[in-house]
Amino acid sequence: MKTSFDVIVIGAGVMGASIAAALVENGLDVALMEKGIGGGQGATRDTGGIVRGLELDPELRPLTRRGAHHGSTGIVHALFEQALKRTGVAYIASSEVCGQYLDAVGTEGTQNVELHASVSALDNGRFSAFCPDECLLIERNGGMVDARVTVSNLCRYVSEKATFLDHLAVDRCVELDGHVQVHAGKLCLEATWIVDACGADGPLARPHGAVHARTIPYTRLGCDQAPSMPVIAHHLNTYLLPLGRSLMQVGGQRRQRAAHASQLNLSLMDNEQDVMERVARLGYDKHHCTPVVTQIAWDAYTDDGRPLIGRSSSKSHVYLATGFCGIGFKMAPSVAELLAFELGGLMSGTSMDAGHRTIMQAFCPSRFTEVALS
């Protein structure tokens, strides 16, 4: 079988599958490797899939945009748009936070949002105000996407046009002069570039302290009336995701942290009680809401809330694409496009333009190394 590639992407979650597909579409010789089933492990397996463009951190906005950064949008954007169910997304927040969102979208983006002075405007008064000065902001073009279906389609695209190796765990990577060896079982593959898209898991070393694993608890609740669209409740630091007319998923906050996913404590703790208290403050009391199941997912997080995208060190041939803090699925199309543009340029000897470098600078993995050295 073929053992040499331009790029090997390790991890076929939503990020790795998107990056691999974009690289293939850009003409690179790619292998996508996954220790299990594509989209079946890590964050992608349990993602809520709320897609929203409003972002308070200006550095993250280029990663959540729907349009193309370089040329046409391509296969990844197309598959995500195809999977997107445009229900809208509701934000329950103070007038100050809603104002910050409006400032972020600017005058051109205001046509995509509507602001209400009261939460009663959502679902015929279903929700209760729980903080003073609370408003409702609705992002009309937001919605939900089934990330696992999208990942399956992306993996199929890669397998048809390049190489997809699933049920094959990577044991180690060895950097040599100008290329990297990837050892997996009895196989030894090599590539000019490696992309580590393993999230909170995986065999590759990252900058010390740069990214950690954190649990993401959630409870599925039977209720009298699920919200008509995903709801982000800022003061409660939680979300409500409709799964049907009388079923919803709610994020809990009793979380655990570890250096690696394998070290996480996946106990339920009191997350179910915590979720019930949160939804009660939104107007769902115990007479109208029944917990069905509480589960613990996990993802890769960073202390500054921004992912690691770029070379693991200045001379390394390993790229990192990790630390997406639970929202990688909404960044995947743009991240895939940007990395495909950059790696394609490195393979062809083309320099990156100033605009691209400016976007990527905020996510450079070396920022954590620099903090440690200072």
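The values are calculated or read from the model by the stated rules, or taken from the named source; none is laboratory data. These numbers were taken from a predicted model, which means no experiment stands behind them. All Cβ positions, even for glycine, are placed from backbone atoms using ideal geometry, and neighbour counts span all protein chains on display. Each accessible area value is taken on the protein alone, full model and side chains, heavy atoms only, with ligands, DNA and RNA left out. Shrake-Rupley method; radii C 1.70, N 1.55, O 1.52, S 1.80 Å.
Over the residues of the chain, the helix contribution to mean residue ellipticity at 222 nm works out to -9000 deg cm²/dmol, using -39500 (n - 2.57) for each DSSP H run of at least 4.
Measuring only protein heavy atoms, the 1.4 Å probe finds Thr350 accessible over about 80 Å². Working from label points 7 Å from Cα in the Cα-to-Cβ sense, the Asp177 to His69 distance is 3.3 nm.
From largest accessible area down, sort Ile19, Ile75; use a 1.4 Å probe on the protein chains.
My answer, sorted largest first, is Ile75, Ile19.
Here's how it looks for Leu320: its modeled amide H is under 5 Å from those of Asp196, Gly310, Arg311, Ser312, which are all 5 or more places away or on a different chain. When exposed loop sites are taken as trypsin sites (Lys or Arg not before Pro) in a DSSP loop with at most 12 other Cβ atoms within 10 Å, the longest stretch of the chain clear of them is 3-185.
Residues Asp166, Asp299, sorted by accessible area with the largest first, give Asp166, Asp299 [1.4 Å probe; ligands and nucleic acids excluded].
Rounded to the nearest 20 debye, the dipole size of segment 147-249 about its Cα centre is 420 debye, using +1 on the Cβ of Lys and Arg and -1 on the Cβ of Asp and Glu. Annotation: amide H of Leu247 within the under-5 Å range of Cys223, Ala226, sequence separation 5 or more or interchain, hydrogens built in the peptide plane. Placing +1 on the Cβ of every Lys and Arg and -1 on the Cβ of every Asp and Glu, with no other charges, gives segment 195-329 a dipole of roughly 260 debye about its Cα centre.
Can you give the extra length, in nm with one decimal, that the chain gains between Glu190 and Ala169 once fully stretched, where that is 0.36 nm per residue apart less the Cα-Cα distance?
6.1 nm
Within the chain, the whole DSSP H helices whose Cα atoms reach 18 Å or more along their own axis and whose mean Kyte-Doolittle score is at least 0.0 are 328-348. The calculated FRET efficiency for the pair Ser313 and Leu247, based on their C-beta separation and a Förster distance of 45 Å, comes to about 0.45. For Trp298, Trp193, the ranking by accessible surface with the largest value first comes to Trp298, Trp193, using a 1.4 Å probe.
Counting alpha carbon pairs within less than 8 Å and at least 6 residues apart, what relative contact order, in whole percent, applies to the chain?
23
Considering only Val24, Ile92, His167, and ranking their Cα positions along the charge dipole of the chain that arises from unit charges at the beta-carbon of Lys, Arg, Asp and Glu, the one farthest toward the positive end is His167. For segment 245-253, 3J(HN,Hα) computed residue by residue from phi via the Karplus equation (6.51, -1.76, 1.60; θ = phi - 60°) reads 5, 9, 9, 9, 10, 10, x, x, 10 Hz, glycine and proline entered as x. Once the Cα-Cα distance is subtracted from the 0.36 nm per residue extended length, the Gln256 to Asp57 segment shows a gain of 69.2 nm.
Overall, the chain carries a charge dipole of about 560 debye about its Cα centre when +1 sits on the Cβ of Lys and Arg and -1 on the Cβ of Asp and Glu, all other atoms neutral. Per-residue Karplus couplings for segment 306-321, computed as 6.51 cos²θ - 1.76 cosθ + 1.60 with θ equal to phi - 60°, are listed in order as 10, x, 9, 9, x, 5, 5, 8, 4, 10, 6, 9, 9, 9, 9, 9 Hz, Gly and Pro entered as x. When percent of Cα pairs over 39 Å apart is calculated for this entry, the matching label among [x] 12; [y] 17; [z] 40 is [y].
Stretching the chain fully between His208 and Glu160 yields a gain of 13.6 nm (0.36 nm per residue, less the alpha carbon separation).
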